Amino acid sequence: MEKKVVLKVENLVKYFPIKAGVFRRTVGWVKAVDGVSFEVYEGETLGLVGESGCGKTTVGMTLLRLYEPTSGRIIVEGEDTTHYFMPYLKARSYVKKTYIRRFENLKKEKGEDALKELEEPDKKYYKIFLEGGKRALYEHLLSNLPEKRRAFRRELQIVFQDPYSSLDPRMRIKNIVAEGIAAHKLADKERINDAVASILEDVGIIPGHMFRYPHEFSGGQRQRIGIARALALQPKVVIADEAVAALDVSIRSQIINLMEELQERHKLTYIFISHDLSVIRHVSDRIAVMYLGKIVELAPKKELFENPLHPYTVSLMSAIPIPDPEKRNKKRIILKGDVPSPINPPSGCRFHTRCPVAKDICKEKEPPLVEVKPGHFVACHFPGSLKWSM
Amino acid sequence: MEKQPILRVENLKTYFYTEDGVVKAVDGVTFDLYEGETLGIVGESGSGKSVTSLSIMRLLDEKGKIVDGKIIFKGKNLLELSEAEMRKIRGNEIAMIFQEPMVALNPVYTIGDQIMEAIMLHQNVGESKAREIAIDLLRKVGIPEPEKRVDQYPHQLSGGMRQRAMIAMALSCRPSILIADEPTTALDVTIQAQILDLMKELQKEYGMALIMITHDMGVIAEMADRVVVMYAGRVVEYGEVHEIFKKPRHPYTYGLLSSIPRLDVEQEKLKSIPGTVPDPLSFPSGCKFHPRCEFAQERCKNEEPELVEVEPGHFSRCFFWEKLKELEVK
Ligand SMILES: Nc1ncnc2c1ncn2[C@@H]1O[C@H](COP(=O)(O)OP(=O)(O)OP(=O)(O)O)[C@@H](O)[C@H]1O
Ligand SMILES: Nc1ncnc2c1ncn2[C@@H]1O[C@H](COP(=O)(O)OP(=O)(O)OP(=O)(O)O)[C@@H](O)[C@H]1O
Ligand code: SF4
Ligand SMILES: [Mg+2]
Ligand SMILES: [Mg+2]
């Protein structure tokens, strides 16, 4: 059964400039996300896990184009969206660089035969190019950008960690939830209150409370309101960035359960970002493990837990205290040292400075992310050589 | 019972008198701490864990008053000591480390200065000897190149290093009790594993008793010999760690244990405790947990249960603790 890809990220890079001096010159770069690729299937939950500063939030913010990517492609439902938020001329030059020039060469060399070797969306775009020339392809990619942006802003939503600062304290709950509905004309004016009521009910907030302000709600309830605000736009993909991290343990499971129910009811696709591998295990279908701006391992959940291959994944699993005192004497892998800085990441494999099984080559050569089994990707010269069992 | 507790907290009540009303942050907390053991205190945000430890250290701000109870340390009631006598105990006999070492460390002094000050305050040594001890301590807590680090400022260290420096400072006077308030909550898990490992090792070597405060049941299971579970300023359950995890006798503990996502087992759906954490300015009547409790009866609304010994050394504050016998935590 072919699963439908809703979101595809190719070689995503996001560097932040480090400025210094009176002239605020750029003196270096924080390589927050440095070449990340993954796909997200319709209706699934992809978990993104890793320690503080590894770039999880930056991936989310860049996907949403709250940060402009430094490079890479972001494909949503088969359409390249990378240039959607660029100024027009820049967008045009992106299209020229990414497609037109390449396709002109392809046409000269292979003509229609090239279609066979292309993947989506390139294949679709090449067809347009063959049929209507470069004008047709420019037209396809660059027309109606404002409308495309609006649709994009609706289809991808985010729920943040902090239920306190992410809701405007001066706005009533009703307006917080209704804002997006009105902006995207998802309900008639007279019907907006009904729409808000039904969404609030959906997330377990008493609809009668819609005229209250955020401070009148507890942390868990505010997180429900944050989820309601995202759902109001009927999104396809919801990015949850540490959505349960700030909550008390007893409230955390309420919100996790709620998100799972909503996913089923509304056929949502989730990218669930968390530093907590236990939470990630519970919610995810597939899991991507990040370290210093890179994905080091990506696999279906069951496979990852039965057969973790990257030494970092194994170390992370072993570091987590299990809530069962019978298991306390189990041997742990204690990593040495701290996470290095993303400004000057280590050469070769970025994990080599802390890796218990590193050899000389790890310092010199960067291991690519390769598929070692169907659906199981790992970036390590010696996958599986660090052993540990739960 | 052969063993004598080194610390005994008895019916401790600490209230805050705020503009909005009286916050009964700690309301009748009782527990013992034995020599060399690790006592875990677990509970949700606002349950009174930090206030309990600050009360032991007598470090509350002006609004906070200890209105009742005793804190017996080596036979003396700390609440009856003068501030000068208390200062001798603080840092010397009982030391404390916090969640955010940046708050506890002074940003304008080097790590070395701060540890040396603690050493010279409590031990009769000169500056160069104190520096030597400080460097040794930094080495002991696993800080690389301690000769260099000793002259660095807190902001020059990573979070994990700062927590190590805090531990070094706390250990400088070989306290008999170390209170650690969420010492690893702000740290990454791989760094947490390093720090927990270090604390276990040092505890063995120094033979000190440890009070480990956390909201993480995993950390409790890993570290504690005995556990205090707090809810709304009260101890709701108290006992040996295996008992608490295998045979919880309070619905809150039971709910907590079955609501955590686990790394080691695949769970279908998480159980959850309904409702929200109670507002400290208006705690519910009767049993403070009754609005969220699946076992609650009429009686729970009107009457507050006592902490009763349900098995030797295992206490629960619930009228219906026997019902929990029938349930197994999965
Ligand atoms: N706006 C920004 N400007 C400069 N640097 C940034 C910015 N945002 C993030 N960074 C840096 O990029 C790196 C990745 O940060 P990011 O917030 O994506 O990590 P994270 O995995 O989400 O971490 P956490 O678990 O702490 O949320 C960090 O080194 C961070 O300091
Ligand atoms: N200085 C203060 N003034 C007023 N109220 C306070 C003060 N310190 C604590 N409280 C209140 O006392 C109660 C208990 O707080 P405490 O800090 O002990 O909780 P905790 O269990 O340590 O929680 P956390 O897990 O969030 O650290 C809370 O309701 C808190 O708001
Ligand atoms: S590539 Fe080398 S250093 Fe990196 S994780 Fe694998 S073994 Fe360790
Ligand atoms: Mg983040
Ligand atoms: Mg606290």
Item to check | Alpha carbon centroid spacing (whole Å) that separates the range B:250-307 from the range B:1-27 | outcome: 21 Å
Next on the checklist: Could you work out the relative contact order of the range B:234-278? I mean the mean sequence separation of Cα pairs under 8 Å and 6+ apart, divided by the number of residues, in percent.
Outcome noted: 28 percent
Checklist outcome for this item: Sorted by accessible surface (1.4 Å probe, heavy atoms of the protein chains only), largest first, B:Asp151, B:Asp216 come out as B:Asp151, B:Asp216
Checklist outcome for this item: Computed on Cα atoms, Rg of the range A:143-242 relative to 2.2 N^0.38 Å comes out at 1.06
Next on the checklist: Looking at chain B as a GNM with Cα springs under 10 Å, which of B:Ile94, B:Ile119, B:Ile133 has the largest mean-square fluctuation?
Outcome noted: B:Ile133
Next on the checklist: To check you understand DSSP bridge types, tell me what percent of the beta bridges within chain A (both residues inside) are antiparallel, rounded to 5.
Outcome noted: 65 percent
Checklist entry - Once the whole set of protein chains is in place, how much accessible area is left on B:Arg90, using a 1.4 Å probe, in Å² to the nearest 10? => result 40 Å²
Checklist entry - Which value, to two decimals, describes the C-alpha radius of gyration of the range A:209-272 once divided by 2.2 N^0.38 Å? => result 1.11
Checklist entry - Do you know the relative contact order of chain B, to the nearest whole percent, from alpha carbon pairs under 8 angstrom that are 6+ apart? => result 20 percent
Next on the checklist: With a 1.4 Å probe and all protein chains kept in place, how much accessible area does B:Phe98 have, in Å² rounded to the nearest 10?
Outcome noted: 70 Å²
Checklist entry - Quick one: Cα centre-to-centre distance for the range B:41-83 and the range A:24-42, in angstrom? => result 48 Å
Checklist entry - Exactly which GluC sites (Glu not before Pro) in the range B:1-70 are in a DSSP loop and have at most 12 other Cβ atoms within 10 Å? => result B:Glu2, B:Glu19, B:Glu62
Checklist entry - Can you pull the three principal axis extents for the Cα set of the range B:191-330, in Å, largest first? => result 51, 36, 33
Item to check | Isotropically averaged projected area of the protein assembly as shown, using the convex hull of Cα atoms (one quarter of hull area), nm² | outcome: 37.1 nm²
Checklist entry - Pairs B:Lys65/B:Lys88; A:Lys96/A:Lys365; A:Lys96/A:Lys116; A:Lys387/B:Lys204: which exceed 24 Å Cα-Cα? => result A:Lys96/A:Lys365; A:Lys387/B:Lys204
Checklist outcome for this item: Note: chain A, point scatterers on Cα, Debye, no solvent; log10 I/I(0) at q = 0.10, 0.13 Å⁻¹ equals -0.77, -1.21
Item to check | Heavy-atom accessible area ranking, 1.4 Å probe, most first, across A:Tyr67, A:Tyr99 | outcome: A:Tyr67, A:Tyr99
Item to check | Of all accessible heavy-atom area on the range A:1-81, the percent that carbon and sulfur account for (1.4 Å) | outcome: 54 percent
Next on the checklist: I'd like to check one number: the per residue accessible area of the protein assembly as shown, probe 1.4 Å, reported in Å² as a whole number.
Outcome noted: 45 Å²
Checklist entry - Mean separation of Cα pairs under 8 Å and 6+ residues apart, divided by the residue count of the range B:191-297: what relative contact order is that in percent? => result 16 percent
Checklist entry - Can you pull the accessible area of A:Lys330 for me, 1.4 Å probe, Å² to the nearest 10? => result 40 Å²
Next on the checklist: I'd like the projected area of the range A:242-390, averaged over all directions, using the convex hull of its alpha carbons. Report it in nm² with one decimal.
Outcome noted: 10.4 nm²
Checklist entry - Roughly speaking, what % of Cα-Cα pairs in chain B are separated by over 30 Å, rounded to a whole number? => result 38 percent
Checklist entry - Once the Cα gyration tensor of the range B:136-260 is found, what semi-axes does its equivalent ellipsoid get, as square roots of 5 times the eigenvalues, in whole Å, sorted largest first? => result 32, 15, 12
Checklist entry - Quick one: Karplus J couplings for the range B:90-97, per residue in order, coefficients 6.51, -1.76, 1.60, θ = phi - 60°, nearest Hz, x for Gly and Pro? => result 5, x, 8, 9, 10, 10, 9, 10
Next on the checklist: Between A:Lys127 and A:Arg265, what is 0.36 nm times their sequence separation minus the Cα-Cα distance? Round to one decimal in nm.
Outcome noted: 46.0 nm
Checklist entry - Restricting to chain B, what percent of DSSP beta bridges are antiparallel, rounded to 5? => result 60 percent
Next on the checklist: Which residues, if any, in the range B:184-203 lose at least 50 square angstrom of accessible heavy-atom surface (probe 1.4 Å) when the other protein chains sit next to their chain rather than the chain being alone?
Outcome noted: B:Asp188, B:Val189, B:Thr190, B:Ala193, B:Gln194
Checklist outcome for this item: Rounded to one decimal in nm, the spacing of the 7 Å Cα→Cβ label points at A:Ala245 and B:Val125 is 4.0 nm
Item to check | Share of alpha-carbon pairs per 10 Å distance bin for the range A:1-54, given as whole % | outcome: 19, 34, 25, 14, 7, 1
Checklist outcome for this item: Per-residue accessible area, 1.4 Å probe, largest first, puts B:Phe31, A:Phe85 in the order A:Phe85, B:Phe31
Next on the checklist: Amide H of A:Tyr291 versus every other amide H placed in the peptide plane: which residues, excluding those fewer than 5 positions away on the same chain, fall under 5 Å?
Outcome noted: A:Val296
Item to check | DSSP-assigned coil residues among GluC sites (Glu not before Pro) in the range A:3-102, each with at most 11 further Cβ atoms within 10 Å | outcome: none
Next on the checklist: Could you compute how much accessible area chains B and A hide from each other, both sides summed, with a 1.4 Å probe? Nearest 100 Å² is fine.
Outcome noted: 3900 Å²
Checklist entry - Gap in Å between the Cα centre of the range B:142-197 and the Cα centre of the range A:354-378? => result 32 Å
Checklist outcome for this item: To the nearest 0.05, the calculated FRET efficiency linking B:Glu85 and B:Asp136 through their beta-carbon distance, R0 being 41 Å, is 0.90
Checklist entry - Want the number for A:Lys302 to A:Lys363: 0.36 nm per residue separation, take away the alpha-carbon distance, what's left? => result 18.9 nm
Item to check | Extent along principal axes [Cα atoms of the range A:43-177; Å; largest to smallest] | outcome: 59, 33, 28
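The values are calculated or read from the model by the stated rules, or taken from the named source; none is laboratory data. Keep in mind it's a predicted model, so treat the numbers as computed, not measured. With ideal geometry, Cβ positions are generated from the backbone for all residues, glycine too; neighbour counts draw on all protein chains shown. Heavy atoms of the whole protein, side chains included, go into the accessibility calculation; ligands, DNA and RNA do not. Shrake-Rupley method; radii C 1.70, N 1.55, O 1.52, S 1.80 Å.
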